[in-house]
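Nothing in this text is a laboratory measurement; each read-out follows from the coordinates by a stated rule. Just so we're clear, the structure is a prediction, and the values are computed from it rather than from any experiment. No Cβ is skipped: glycine too gets one built from the backbone with ideal geometry, and neighbour counts run over all protein chains shown.
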């Protein structure tokens, strides 16, 4: 079954709000096994909304429209449905009474414009909206089921879950497959290098398919299989996943929802080691990532943000002579910060970051970031040269610091 | 001039990433005064991408395509352009050399698949990509200018700013009205309360229009005017802006691109005060926000992330008896952290945060977050009860901490 999504709202086109509904509905359609090939956004314009509805109903089995069914004059989805399908507008006395009762229960008089929400294209069923006053609509146009839902995610998503997906699943027949994905998370190689390592593998497969997603230096490899049921989809993924893991080796650090900060905490916990941070150029980002994980306090003791050079010396005990000789942006200072952080925080492992985040150069060219990790077994530093602006450099350095800590705690030190 | 946007990527339809590019580009098109009536998303499917290109070029004066021009086998936008427009694919030896040089400069061998990025539909110009290796493309299909750009926002948006908007503006002619916006940033009241304070004002105006945008506790009021030129649009905005500022008073903390962390640094600099942080539940987020501002080092000395209680005592000198009596999640401890942070870091002003971020309750219900600020003049704490999950609670508390510091440094202490 082919389902598409139409978002109505000038505010989306003006960029005043981000269309998160598209991703939320898309995820639900994928989980249900529906094909989802098109998403469209149009503004609050009768002709363009009607035109988008005509295009969609001609090529899809179901259309989910979000937005444009509220009480104000720019809410025109009902009219556009009438225009696209050649339907008359009807008025529901029953729903008008429900609207009046909703307002009365809150001790307020209903603005008359709200009665617009009791209108419906001839033949449409109303869909209950437990979180708001605008009911949804469901009707058949040609061979396509059309749903009109509110644009507010908190109202719309429960209606998709309760009123749309089950309705469509019941009518989907045998052509509906289940889609399952496995996300393998990697760090340490470029997207193109990973793609090259795996290229020939996907000449042999179109089920599962492969996609590559890059974010902050991590490359995610997503395998997506389609089958009659979940077990069959998983069975298609398993041998391909095994081969991908075999080829990528330790580049793969986690799967699905496993983030690097949680993996670092788990590895430390397994070895009975406590963790600390000593950050300069990243200014607290590494600590913030680590403490985003619930229960981090079992392992993480805290950190020092030693932004001023004097703080590196006073709180981390970095020797002023080392700063003088090697410079603040040096592996020597990073290593001294890692040692000093472990001592100051009473931790076994310490991640230290110093560097020149930009836009101006600080001692060394902007983008030069240095990470050191110290464990009870060993200490090592690595100098990174990162492209991009200040935000990107800091984000990539933070991710790199967490990955280097993972390698260090696992005893897989770099540069050997 | 009518411009539309086509996003290519199966990951968008599967809901694996949110299409923030649509809003970012939409904002830029509105600022430039272009009409923007349609946005479309399709997956990595040759026929559907080509079909979407054909539809767009038939109804618009310009089409911006994002995504699908990377180095991997699922990047098919170049092919789809050739198919939609009946063009042959060419190969640029010059760009291939540039790609090889880019990799060589990083001391690595280029994967052969990257040469795909040196391909281009016959007649297309390459657009420089300063942040990455995939060049953009620009070509004319029928009466429509077509741009193909990377999907990664950090690469794509600078190319829109430098290579797309100015190019189109130069060809737009007289039909383009200018749109100008003023963003007033507020903190301290809900969106509905702000809307209520301003409601009657916008019964009298439809140019400028008003929109409300909420993010992490800040409410942004956007005034948007359309006029023949920038000066006329600004003149429409000015009296309405003045009235909005009069009504909202100190709720307004900044305008347009002014972020709270930069304002805090400016206020401290004006008073000749240095700044430090002492963070528990936010784990470094406040320091990370402050150091996101270039030049923060003139004011910001650093911070202590005192996640473990023992670190609050050892590095911040918080009295163990106070912790014992009042609990870690208390205004007493927050104030002691602020004093201790100022002393340890040698700073005039210190922002301290402690709390129970969730999901589990820590001493007090999850969402209870306590901020203290200490200046050379005074010290005060405030207890916040924040809704939402751990990430949201930490983000909102970070924003609140920065705002409370702004008020403190400006001498406008809360609770008086």
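Points to keep in mind about this one:
- Exercise: per-residue mean of other protein chain Cβ atoms within 10 Å, B:17-24: 6
- Among A:94, A:234, A:363, the largest mean-square fluctuation in a Gaussian network model of chain A, built with springs joining Cα atoms closer than 10 Å, belongs to A:94.
- Using a simple spin-label model with pseudo-atoms 7 Å out from Cα toward Cβ, residue B:320 and residue A:189 lie 5.2 nm apart.
- Cβ-derived FRET efficiency at R0 41 Å, residue A:269 paired with residue A:200, nearest 0.05: 0.55
- Within 10 Å of the Cβ of each residue in A:196-204, the mean number of Cβ atoms contributed by other protein chains is 2.
- Packing-based ranking of A:143-154, B:161-172 yields A:143-154, B:161-172, ordered from highest to lowest mean Cβ neighbour count within 10 Å.
- The mean count of C-beta atoms from other chains within 10 Å of the C-beta of residues in B:390-397, rounded to a whole number, is 1.
- Projecting 7 Å from Cα along the Cα-to-Cβ direction, the label point of residue A:346 sits 2.6 nm from its equivalents in the other copies, listed shortest first.
- A convex hull fitted around the alpha carbon atoms of segment A:1-140 yields 119 Å³ per residue.
- Centroid-to-centroid separation of segment A:38-115 and segment B:160-231 [C-alpha atoms, Å]: 26
- Antiparallel %, DSSP beta bridges [both residues in chain B], to 5: 65
- Taking the average, over residues, of other Cβ atoms within 10 Å as the packing measure, peptides A:215-222, B:298-305, B:131-138, A:109-116 rank B:298-305, B:131-138, A:215-222, A:109-116 from highest down.
- Placing a label point 7 Å from Cα along the Cα-to-Cβ axis, residue A:255 is separated from the same position in the other copies by 5.5 nm, shortest listed first.
- Its relative contact order, with pairs defined as Cα atoms under 8 Å and 6+ residues apart, puts segment B:260-409 at 26 percent.
- Between A:98, A:380, A:180, the residue with the greatest mean-square fluctuation in the GNM of chain A (Cα pairs under 10 Å linked by springs) is A:98.
- Taking the empirical scaling 2.2 N^0.38 Å for compact globular proteins as reference, segment A:178-255 has a Cα radius of gyration ratio of 1.04.
- Computed packing ranks the peptides B:56-64, A:47-55, A:248-256, A:198-206 as B:56-64, A:47-55, A:248-256, A:198-206, most packed first, by mean other Cβ atoms within 10 Å.
- Value of [θ]222 nm, deg cm²/dmol, for chain A, DSSP H segments ≥ 4, -39500 (n - 2.57) each, nearest 500: -11500 deg cm²/dmol
- Kirkwood Rh in Å, taken over the protein assembly as shown so that all alpha-carbon pairs contribute: 29.0
- For residue A:205, inter-copy label distances in nm, listed shortest first [label point 7 Å out on the Cα-Cβ vector]: 5.7
- Spacing of the two label points (7 Å from each Cα toward its C-beta) at residue A:256 and residue B:59, in nm: 4.1
- Placing a label point 7 Å from the Cα of residue A:232 along the Cα-to-Cβ line, the residues of segment A:16-37 whose backbone N sits under 17 Å from it are A:31-35.
- Bins of 10 Å, starting at 0 and running to the largest distance - Cα pair percent for segment A:260-409: 13, 47, 33, 7, 0
- Three semi-axes of the equivalent ellipsoid, chain A, Cα gyration tensor, whole Å, largest first: 53, 27, 19
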